[in-house]
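The values are calculated or read from the model by the stated rules, or taken from the named source; none is laboratory data. Computed from a prediction, not measured in an experiment: that's the story for all the values here. Positions of Cβ are backbone-derived with ideal geometry, glycine not excepted, and every protein chain shown enters the neighbour counts. Side chains are part of the model used for accessible areas, which takes the heavy atoms of the whole protein and leaves out ligands, DNA and RNA. Shrake-Rupley method; radii C 1.70, N 1.55, O 1.52, S 1.80 Å.
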Amino acid sequence: MNTEQVTKALGLIALLGGAARIGMAPSAAIWGVDSGPELAFGLVACLLMGIGIFGVHLHQSHRAGILGFVSVVLISISSTLTAALVWTTMLGATEANGANVGAMQAVNSLTALIGMIGFAVATARARVYPIWTLALYLAFPVLSFVPVVTDWSTVLWGLSYVGLGYYAFAGKTKKQAGHFQAAA
């Protein structure tokens, strides 16, 4: 397998992870927050997005530099920690029965925030992906604090991954330049 095939495969995984993340919102609306279906969508999304983000990075790696790589590693670590937190919620483990969930949530939040900011900066500088993917990506954490739309903010995050994954899978850039050509 060459780098382009790996990028396409990982881009498809990111796209599927975004679709799973989108599935969380209607599941939460129908069955409730922390319901089985919502948590299942969340677990699958975490795993797929944590792996697929590397394809998104590979597609822009020629322009994203070390900041892009470090941020993607942090995002992947955060996705893994989030998957573990979702799994503990599915099992019913809480602080009350001795699980050290609070500390892990704090570490995960900090890791995710640093990774998201670094990824946003590297992606904006690389100018490989269209701006709407980055706008949706950045809208997610902001809208997560707005009470009326909190439960639906995951749709924006999922859509951004669907867009990023599609562009990596299709080998496209915002200007339709070749895969390893600089996007003007």
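Scanning the stretch 152-184 for residues that are open to solvent by less than 10 Å² (accessible area, probe 1.4 Å) and at pLDDT 95 or above returns Gly158, Ser160, Tyr161, Gly163, Leu164, Gly165, Ala168. Per the conditions (1) open to solvent by 40 Å² or more (accessible area, probe 1.4 Å); (2) within 13 Å of the chain's Cα centre (by Cα), the sole criterion not satisfied by Ala112 is (1).
When Gly50, Gly11 are checked against the criterion of being within 15 Å of Tyr167 (Cβ to Cβ) and either crowded, with 21+ Cβ neighbours inside 10 Å or in contact with a Lys or Arg (Cβ under 7 Å, 6 or more places away or on another chain) (or both), a single residue qualifies: Gly11.
Among the residues of the stretch 29-47, which ones are β-branched (Val, Ile, Thr) and surrounded by fewer than 16 Cβ atoms within 10 Å (Cβ to Cβ)?
Selection gives Ile30, Val33.
Among the numbered criteria (1) open to solvent by 20 Å² or more (accessible area, probe 1.4 Å); (2) in contact with a Gly (Cβ under 7 Å, 6 or more places away or on another chain), which one does Ser78 miss? Only one criterion in (1) open to solvent by 20 Å² or more (accessible area, probe 1.4 Å); (2) in contact with a Gly (Cβ under 7 Å, 6 or more places away or on another chain) is unmet by Ser78, namely (1).
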